[in-house]
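Asker: Could you have a look at this structure, given as structure tokens, before my questions?
The values are calculated or read from the model by the stated rules, or taken from the named source; none is laboratory data. Bear in mind the structure is a predicted one, so any value in this text is a computation, not a measurement. Cβ placement follows ideal geometry from the backbone for every residue including glycine, while neighbour counts extend to all protein chains displayed.
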Amino acid sequence: MSRSPQTRPSARRAALFIDYPNLHARLAERLDAPERTGACITEAARELRRFLADEGDVDTVLAAAYADFGALEAAGKGEKKQGLLQKLYEQDIEPRFAPADSEECALEVQLSVDATAFLHRRSDVETAALMTGDRAFRPLVRAIQRTGAHALVAAIDPPPPGDHPRDEAFMDVLNLLSDETRRDVLPDGETPARRGADGRPPAADHERLDDDMLFRTLEVAEEHFGQYDEVYLTPLLRKLSDVLGERFDPKALVSDLEDAGAVRLEKRRGYPYDYTVLIVDRRHPDVQEMEEQFYGRSERSQYARDGAPASSERSTDGYEEYDEGGPDRY
């Protein structure tokens with residue numbers, strides 16, 4: 001029974017299905033530290049759920065990983081079954097047994113049947129996200145679309161946009177890993193430099209900030225999103241609107257920070273549209289000054305973002321709520 005998207009409740013929900021052995025095998029081939037494959041998978045799954053929540057305001061109500069975890073341990077990949085399962089449980093991912101099959105079709109069939117059955121039972125779930133290594137899952141994607149839901153496939157080296165229909169959404173699993181993880185586990189030649197939103201590398205020169213409100217913008221980003229290497233632009237703009245009030249245009253502030261080299265914006269392929277992330281350049285002298293003031297100790301100014309401060313030194317008194325409107329140029 002098909003569902004029309006227009007008939008669904010206003011709450012947005014998603015389900016995540018992980019083709020664990022295929023993703024594990026392909027990812028282990030790419031890593032310098034294959035024993036960390038399980039940790040990388042759970043990190044990518046966590047980031048995918050955050051992406052859905054932050055960019056699309058979508059709550060992931062089910063996350064399931066399919067594998068014969070005992071067979072993975074027996075294959076000698078450097079990870080114990082209990083360790084793999086523990087990583088999944090810690091991220092609220094349900095392990096589901098799927099028999100290891102020499103033809104590698106049993107798991108694909110089981111995952112596909114479970115996904116379509118779940119979508120038929122749960123008409124409130126409008127997005128099905130799939131994580132895999134190098135399988136496109138096109139029959140399942142079509143089945144998901146026939147239910148009226150959206151499909152998103154996160155894979156390693158997904159096909160470029162011109163190689164698949166426009167209604168199929170792909171993401172690169174490696175882009176879901178933090179910069180720190182990528183540096184730690186990928187071979188040197190496999191860690192491509194991030195490029196700016198206009199396709200150019202980030203500028204080496206920095207301009208000093210001449211507006212106190214730009215410092216405040218950096219503080220808001222640090223306070224609410226400082227634990228992330230990449231900040232999704234949409235929720236950041238929303239938070240800036242809430243904190244700074246209607247007298248300030250958050251998009252103009254971000255643009256000024258970008259012009260000064262304090263931040264850079266990068267485009268990412270995503271669902272249902274491409275999206276933009278903001279990356280703070282922590283080499284910028286004003287960013288370093290902000291961190292020293294924000295955390296109160298100069299020794300924590302460089303990448304020390306693991307704790308939330310008690311308060312900021314810059315006051316937000318008098319700022320009123322900002323009614324965000326108009327097109328987002330990003």
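Asker: Need pairs with beta-carbon distance below 6 Å; first residue closer than 13 Å to GLU47 by Cβ and within region 176-191, second part of a loop (DSSP other than H, G, I, E, B) and modelled with pLDDT of 80 or more; sequence gap 6+ or separate chains.
Answerer: SER178/ASP229; ASP179/ASP229
Asker: Still on this structure, I have one more. Give the residues of region 56-71 that are surrounded by fewer than 18 Cβ atoms within 10 Å (Cβ to Cβ) and assigned to a helix (DSSP H, G or I), sorted by residue number.
Answerer: Of everything in region 56-71, those that are surrounded by fewer than 18 Cβ atoms within 10 Å (Cβ to Cβ) and assigned to a helix (DSSP H, G or I) turn out to be GLY70, ALA71.
Asker: If you don't mind, another one. Give the residues of region 228-261 that are within 13 Å of LEU278 (Cα to Cα) and either polar (S, T, N, Q) or not in a helix (DSSP H, G or I) (or both), sorted by residue number.
Answerer: TYR228, ASP229, GLU230, VAL231, TYR232, THR234, SER255, GLY261
Asker: Okay, moving on. Does ASP274 meet the test of being over 25 Å from ARG46 (Cα atoms) and not basic (Lys, Arg)?
Answerer: No.
Asker: It is to be established whether one or more residues within region 136-146 are touching a residue at least 60 places away in the same chain (Cβ under 8 Å), crowded, with 17+ Cβ neighbours inside 10 Å, out of contact with any Gly (no Cβ under 7 Å at 6 or more places or on another chain) and not in a loop (DSSP other than H, G, I, E, B).
Answerer: no
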